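Only one structure is covered here, and it is reproduced in the block below.
Every read-out reported here was derived from the displayed coordinates using simple, explicitly stated rules and does not represent laboratory data. On a predicted model such as this, the values are computed, not experimentally measured, just so you know. FYI the Cβ positions are ideal-geometry reconstructions off the backbone, even for glycines, and counts take in every protein chain you see.
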Amino acid sequence: MAQQTVTVEPSSPMGTPGGSVRIRTPARIRAMRAGGRVATYLVLWVGSFLYAIPFLWMVRTSFMRLDKLFEEPPQIWPSPWIWQNYIDMWETGPFANWIVNSLILVALGMFGQTIISIFVAYGFARTSFPGRNQLFVLILATLMLPGHVTIVPKFIMFRTVGLLDSIWPVALPDLWGQAFYIFILRQFFLTLPVELDEAAEIDGANLLQVLFRVVIPLSKPAIATVAVFNFINKWNEFFEPFVFIQTPEKLTLAVGIRWFRTQYGTEFQMLMAASIVAVAPIIIVFFFAQKQFVRGIALTGIKS
Amino acid sequence: MTATDMASRPAAPRRRGLLGWTWKETRGFLFVLPWLFGFIVFIAGPFFFSFFLSFTQWRLVGDIKWLGLQNYAQLLSGEDTRFVQSVYNTAYYVIFHVPGVLIISFAVAGLLNRKVRGIAFYRTAFYLPSITTGVATAVLWYWVLQPNGLLNNFLNIILDPLGVQAPNWLGSTTWAMPGLIIMSFWSVGTTMIIYLAGLQGIPQHLYEAAEIDGAGWWGKVRNVTLPMMTPQIFLTLVLAVIGSFQVFTAALIITEGGPADATLFLLLYLYWNGFRFFKMGYASAIAWILFFIILFLTIVQFLTARRWVYYEGERA
């Protein structure tokens, strides 16, 4: 039973999973393990193929000639191979504008959500003030609130102040910290020993100095995890830009690629090319950050 | 004169502020202030405004007309059959999507937690669909789900010898929803990552103890992995239910709610009422019903959590 007492054991430097003590395992068990490994790889190969194939199909489609898309049976490998789709796509829509708008939205979002959340989380984790716990409960409550409940009043609000059809109705509400990130960061900050803060304060550091010199340097994995989440969410954000922005030039990339569908019938090959461009930065970020990402989530103790 | 009173008091330890709190007691509040401002202006304000609007009729121009409970009466009495349909569709989606995604994520995380070569590649492959922009995924699946699309090409390998016809996913009221649900099974990335992090946090000695007790593979999963993972399972369950009630992009791009409203989701209906028909009051009432459904389900989950979620270090 898992509920039994958990004894504290000296952590082994290797931390090897699957038996820390080396004993000669009988041949039968070794054979079973080998079989298990083969099965694991087999399932992993089939599984990752299944999960990657829609994406690979997207890559393939982005290099095809439009009329070849409707062939029966479908071409697996594009022939002829059309690089031109990417150039067409670039020239057909206000693509550069979309990228710039997405980058602005991501930059504002990451400033307002990751960076501001660090300050707010620090306030909740490391200082005390009247009403702190009540306010924190309020933050947790907003996690349950579907953002879409407030879409209508927000629309009316931004219409009244004349900010509709711009990036601001999407970006402005993001500038004040984000409940989920505040929660994650606070949980992490709580795991750092308070003695460090106190020592710094005795040395004459004020709260901001404690934050910048002690807490932030020790919290890099957690902050990086939040930043990656934040980047992906903002880059892909759809609903709010979709509702608030109409002018094609003012759209973000995630919403703008829809344009290839409505304007000219459907230019699937261009739409797929645009999608690849939209997804590529995220794939690159994720591929290189995935190890830290998983570790970061484990460290932030997301479970509690 | 209070000021002189204060000054003449012999041993006032620290300077007291306006409400009798010291700087040290209140300075932390400054850190929280940005969030509080954003909360009041962009969350609480719109929240209550939307509650008010849900009792009115307003088409963005002219006067706001007070209707009392009429919007809710129309929605909840079943008079608006499209709304009833959208609730049914959303429930249909949630009931299959949530368990499906949790189970698949768990299995994949279990595989990825083993010592295998090229782990970065597999993780990225499984995570790919979750980070692909919604529109791109949707348009892609529009193709995959065509009668002669990628999915049917695979299915025909099995179905053709049996003499069964593969479904016309998007063209049939019966199959459109299963099609979207199958598509949703591709977005396991975030749940999977949370599980993976959780699996890595399970102490190895628990497995060793189970092995000594003679537990096999299933015994270890059932008696160690599952109980230790209940906090993550609970977290992802709550998030998945909240998220899946707000399904939108797929239906908007692929089916536009069709055929014959077979994939009309709550949020899509809300969007149409609010931003196509400009019925602001009615849309707000739908939003509030959506909110109450989610709130109710979340509370139920939290109440039942005590029976099955095990937090380490919080022993009974």
Check: Rg to Rh for chain A: what is it, with Cα atoms only and Rh by Kirkwood?
Finding: 1.07
Notebook entry, point to check: Taking a point 7 angstrom from the Cα of A:R60 along the C-beta vector, which residues in the stretch A:276-290 have backbone N less than 18 Å away?
Noted result: A:276
Margin query: Within a 10 angstrom radius of the beta carbon, how do B:T132, B:T137, B:T81, B:T56 rank from fewest other beta carbons to most?
Written below: B:T81, B:T56, B:T132, B:T137
Margin query: Tell me which trypsin sites (Lys or Arg not before Pro) from the stretch B:202-299 have a DSSP coil assignment and no more than 12 other beta carbons within 10 Å of their own.
Written below: B:R276
Next item on the list: Return the distance in nm (one decimal) between the two label points of a simple spin-label model at A:W45 and B:Y310, each offset 7 Å from Cα along Cα→Cβ.
Entry: 3.7
Next item on the list: May I ask you to compute the full-extension gain from B:L159 to B:A260, defined as 0.36 nm times their residue separation minus their alpha-carbon distance, rounded to one decimal in nm?
Entry: 33.6 nm
Notebook entry, point to check: Relative to the Cα centre, what is the charge dipole magnitude of the protein assembly as shown, using +1 at the beta carbon of each Lys and Arg, -1 at the beta carbon of each Asp and Glu, and rounding to the nearest 20 debye?
Noted result: 1400
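Using a Förster distance of 25 Å, how high is the FRET efficiency between A:Q292 and B:K115, based on the Cβ-Cβ distance and rounded to 0.05?
Here the calculated transfer efficiency is 0.85.
Mind sorting A:V214, A:V137 by how few other Cβ atoms lie within 10 Å of their own Cβ, fewest first?
Going from sparsest to densest Cβ surroundings: A:V137, A:V214.
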Next item on the list: From zero up to wherever the largest Cα-Cα distance of the protein assembly as shown sits, split into 10 Å bins and tell me the percent of pairs in each.
Entry: 3, 14, 23, 25, 19, 11, 4, 1, 0, 0
Next item on the list: Once you've got the GNM for chain A with C-alpha springs shorter than 10 Å, pick whichever of A:I182, A:I202, A:I116 has the biggest mean-square fluctuation.
Entry: A:I202
Next item on the list: Just round it to a whole percent: the fraction of Cα-Cα distances in chain B exceeding 27 Å.
Entry: 62
Check: Taking the Cα centre of the protein assembly as shown as the origin and placing charges on Cβ (Lys, Arg +1; Asp, Glu -1), which of B:T263, A:Q209, A:V277 is farthest toward the positive end of the dipole?
Finding: A:Q209
Check: Which distance in nm do the two modelled labels at B:Q74 and B:Y88 give, with both placed 7 Å along the Cα-to-Cβ direction?
Finding: 2.1
Check: Can you give the FRET efficiency for A:A141 and A:T266, using 1/(1 + (r/R0)^6), R0 = 41 Å, r = Cβ-Cβ distance, to the nearest 0.05?
Finding: 0.45
Check: Of B:F37, A:I29, A:W57, whose Cα points farthest to the positive end of the dipole of the protein assembly as shown (charges on the beta-carbon: +1 Lys, Arg; -1 Asp, Glu; origin at the Cα centre)?
Finding: A:I29
Next item on the list: List the aspartates and glutamates whose Cα lies under 19 Å from the Cα of A:K250, skipping any in the same chain that are fewer than 8 positions away.
Entry: A:E91, A:D165, A:D174, A:E237, A:E240
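Divide by every residue of chain B the summed helix terms, -39500 (n - 2.57) for each DSSP H run of at least 4, and state the resulting mean residue ellipticity at 222 nm, rounded to the nearest 500 deg cm²/dmol. Spell out each step's value before the answer.
Values: 15 runs with 200 residues, N = 316.
For chain B, the value works out to -20000 deg cm²/dmol.
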Next item on the list: Would you compute, for the Cα atoms of the stretch A:28-83, the largest minus smallest coordinate along each principal axis and list the three values in descending order, in whole Å?
Entry: 57, 21, 15
Margin query: Once the cut-off is 21 Å, how many percent of the Cα-Cα pairs in the stretch A:123-273 end up in the long-distance tail?
Written below: 61
